[in-house]
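The values are calculated or read from the model by the stated rules, or taken from the named source; none is laboratory data. Not measured: the values here are computed from a predicted model. Here the Cβ positions follow ideal geometry from the backbone for every residue, glycine too, while neighbour counts run over all protein chains shown. What goes into the accessible areas is simple: the full protein's heavy atoms, side chains included, and nothing from ligands, DNA or RNA. Shrake-Rupley method; radii C 1.70, N 1.55, O 1.52, S 1.80 Å.
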Amino acid sequence: MTSQREIHVATSGRGTYDLTAQLQSAVKDAGVDVGLCNVFIRHTSASLMLCENADPAVMRDLETFMSRLAPDGDPAHTHTAEGPDDMPAHIRSILTHADLNLPVRNGRCDLGTWQGVFLWEHRHAPHQRKVTVTITG
Amino acid sequence: MTSQREIHVATSGRGTYDLTAQLQSAVKDAGVDVGLCNVFIRHTSASLMLCENADPAVMRDLETFMSRLAPDGDPAHTHTAEGPDDMPAHIRSILTHADLNLPVRNGRCDLGTWQGVFLWEHRHAPHQRKVTVTITG
Amino acid sequence: MTSQREIHVATSGRGTYDLTAQLQSAVKDAGVDVGLCNVFIRHTSASLMLCENADPAVMRDLETFMSRLAPDGDPAHTHTAEGPDDMPAHIRSILTHADLNLPVRNGRCDLGTWQGVFLWEHRHAPHQRKVTVTITG
């Protein structure tokens, strides 16, 4: 059995957005007891990650890390048509994930206590992001 | 329903190789309308990524980024049997992806407009690379 | 057909732990000939990776690379409640993988000759880690 839905996320610019509740709701609606939940983002300048869900300082520190690793306006970049955060957004997306595949158990995504699923918007401007959720079991 | 095939990619050395058309063709042949397409590379010195498919400058900038992050001939490396690009190839593979899992919808991989699937060869010498494609639905 | 089991890994602190044999055994027990094996770690300070399985120097060099990229005790970190390796463990987890999805062929994970599946413990203290294995086919 395969069911699929699209989640739309309106971001307000660079930062992380918690998708966990929406995913758990999709799995519940799918009525799958044991299986898998594939989460896929249809963009190359925003990405997905599983991360600690309790302390907001984790997200701030991740942002600091990535801003240092792939700084906006890096003079080495030649793909700059959309501005100084264009190429860094691609780099940050490649270093994290476009797809996550979560086990479903007892009718829900079987995440660890401290795991949340986050969309990471890498552009500074607000964007409309589309995430496809496919549940099999 | 599960179908599986192997794609062979003859690389001409370090660089990116677009697999998108071959994957869409495999999905079409599988006759799956809604499901998932797993792409898996059977190597540890070449990898997979989803990336912007329009401007070649993106690939050049990614190469610049990775060459700076994990430089060939880094004196810190002790695994150097196959040359100065041996250990950097492993590092670059781990920071990107050995597997990608793409939703299938309406009989094709449901990628975003600007998303392409690329094999990233990290060795300088040409290699024969094997990619397993598994389609379920 | 979907089967699921949990693997428990008692780590002795930072380092890599080979899970390949346990995964192959799980696939064998599942009796799936062609399909997929999802491996998922339920933590945010330990991760999974596919890596070269022959030369221990690869793991040492990866550790050197990551320790340089995300050093313990980085003064930029504000999430430090659990010590100097707390935030680096989250960063290292995000740059590698919480899930791996391996093709099953002829009743086993169809890995390349040099590929092994490793749990990477990023904390210095020993931990009990849980990995969920879901096999479909």
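Compute the relative contact order of the range B:59-137 as a whole-number percentage, counting only Cα pairs closer than 8 Å that sit 6 or more residues apart in sequence.
The value is 22 percent.
Excluding ligands, DNA and RNA, what is the accessible area buried between chains C and B, summed over both sides, using a 1.4 Å probe, to the nearest 100 Å²?
Approximately 2500 Å², summed over both chains.
For every other residue with a beta carbon closer than 14 angstrom to the beta carbon of A:Ala76, add +1 if it is Lys or Arg and -1 if Asp or Glu, then tell me the sum. Don't skip to the answer; put the middle values down first.
Values: positive: B:Arg60, B:Arg68; negative: A:Asp72, A:Asp74, A:Asp86, B:Asp61, B:Glu63.
Spelling it out: positives minus negatives among the neighbours equals -3.
Relative to the first principal axis of the alpha-carbon coordinates of chain C, what is the inclination of helix C:56-69, with its axis defined by its Cα atoms, in degrees from 0 to 90 and to the nearest 10?
It is inclined by approximately 40 degrees.
Specify the angular offset, from 0 to 90 degrees and rounded to the nearest 10, of the alpha carbon long axis of helix A:86-95 from the longest principal axis of the alpha carbons in chain A.
Long axis of A:86-95 versus the principal axis of chain A: about 40 degrees.
Could you state the angle between the C-alpha long axis of helix A:20-30 and the longest principal axis of the C-alpha atoms of chain A, as a value from 0 to 90 degrees rounded to the nearest 10?
Helix A:20-30 and the main axis of chain A meet at about 40 degrees.
Tell me, what ³J(HN,Hα) does each residue in the range A:35-42 have, in order and in whole Hz, if you take phi through Karplus 6.51 cos²θ - 1.76 cosθ + 1.60 with θ = phi - 60° and put x for Gly and Pro?
With coefficients 6.51, -1.76 and 1.60, one gets x, 9, 10, 8, 10, 9, 9, 8 Hz.
Using the Cβ atoms and a cut-off under 15 Å, what net charge is assigned to the surroundings of C:Val131, where Lys and Arg are +1 and Asp and Glu are -1?
Once all neighbours under 15 Å are counted, the net charge is 0.
In sequence order, what are the phi-derived ³J(HN,Hα) couplings for the range B:130-137 according to the Karplus relation 6.51 cos²θ - 1.76 cosθ + 1.60 with θ = phi - 60°, rounded to whole Hz, with x for glycine and proline?
10, 10, 9, 10, 10, 10, 10, x
Quick one: Cα centre-to-centre distance for the range C:12-36 and the range B:1-54, in angstrom?
The two parts, judged by their Cα centres, are 24 Å apart.
Starting from a label point 7 Å past Cα on the Cβ side, list the distances from C:Gly107 to the same position in the other copies, nm, shortest first.
C:Gly107 label point versus its equivalents elsewhere: 3.7, 3.7 nm.
Can you tell which of A:His77, A:Thr113, A:Thr2 lies farthest toward the positive end of the dipole of chain A, using +1 and -1 charges on the Cβ of basic and acidic side chains (Lys, Arg; Asp, Glu)?
My answer, from the dipole projection, is A:Thr2.
Show me, bin by bin at 10 Å from 0, the whole-percent P(r) of the range B:1-101 based on Cα pairs.
Taking every Cα pair in the range B:1-101, the percentages come to 12, 40, 30, 14, 4, 0.
Report, to the nearest whole %, how much of the accessible area of chain B belongs to carbon and sulfur atoms, 1.4 Å probe, protein only.
Heavy-atom surface of chain B belonging to carbon and sulfur, 1.4 Å probe: 51 percent.
Bin width 20 Å, alpha-carbon pairs only: give the P(r) of the protein assembly as shown as whole percents, running from 0 to the bin holding the largest distance.
Taking all Cα pairs of the protein assembly as shown, the binned fractions are 29, 64, 8 percent.
For the residue pair B:Ser3 and C:Val9, what label-to-label distance in nm results when each label sits 7 Å from Cα along the Cα-to-beta-carbon direction?
Those two pseudo-labels are separated by 3.5 nm.
Using +1 at the C-beta of Lys and Arg and -1 at the C-beta of Asp and Glu, which of B:Asn53, B:Leu36, A:Ala21 has the Cα lying farthest in the positive direction of the dipole of the protein assembly as shown?
Result: B:Leu36.
Treating cross-link reach as a plain straight distance, find the aspartates and glutamates whose alpha-carbon is under 19 Å from the alpha-carbon of C:Lys28, omitting any fewer than eight places away in the same chain.
C:Glu6, C:Asp18, C:Asp110
Determine the per residue accessible area of the range B:78-131 with all protein chains present and a 1.4 angstrom probe, expressed in square angstrom.
Per-residue value: 34 Å².
Can you compute the charge dipole magnitude of the range A:1-68 about its Cα centre, using +1 on each Lys and Arg Cβ and -1 on each Asp and Glu Cβ, nothing else charged? Give it in debye, rounded to the nearest 20. Please list the in-between numbers first.
Numbers: 6 positive and 8 negative charges, 52 e Å.
Value, rounded to 20: 240 debye.
Assume the label is 7 Å from Cα along Cα to beta carbon: what separations in nm does B:Ala54 have to the matching positions in the other copies?
Relative to the other copies, B:Ala54 has label-point distances of 4.4, 4.4 nm.
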